[in-house]
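Down below is the structure, laid out as structure tokens.
Bear in mind these aren't lab numbers, they're just calculated from the coordinates by the rules spelled out. Computed from a prediction, not measured in an experiment: that's the story for all the values here. Note: ideal-geometry Cβ built from the backbone for every residue, glycine included; neighbour counts use all protein chains shown.
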Amino acid sequence: MLVAKLDRLGRSVRDVCNIAHEQEALGVRLIVADQGGTMDTGTPAGRLLFHVLAAVGEMERASASSASARASPPLALVASASAALAWPRPW
């Protein structure tokens with residue numbers, strides 16, 4: 001099976017590994033295109049690279065979601081600010 005990017009295959013290491021194991025049981029090898037075809041789960045080096053990059057992708061996704069959660073203001077704060085700016089304005 002040819003995959004464009006490993007991080008598009010699943011959201012977590014477990015998801016990606018489960019998909020890879022299911023495909024391997026069917027005799028299907030997984031090849032990731034953005035790695036120049038060097039990540040081939042049919043080889044020991046390809047399986048190692050597969051697991052390392054899956055873990056890095058999960059870590060990046062978790063870091064991005066926690067950073068966006070910290071950056072966005074709480075909904076109650078947004079609602080109170082919106083109410084304060086509502087029409088009619090006193091000026």
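Hey, can you tell me all the residues within segment 1-55 that are assigned to a strand (DSSP E or B) and of a type outside the set (Asp, Glu)? I'd like the intermediate steps shown before the answer.
Initially, segment 1-55 is screened for residues assigned to a strand (DSSP E or B), giving 2-3, 31-32, 39-40.
Across segment 1-55, the qualifying residues are Leu2, Val3, Ile31, Val32, Met39.
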*Any idea how many residues of segment 23-39 are surrounded by 12 or more Cβ atoms within 10 Å (Cβ to Cβ), more than 20 Å from the chain's Cα centre (by Cα) and over 19 Å from Ser12 (Cβ atoms)?*
2
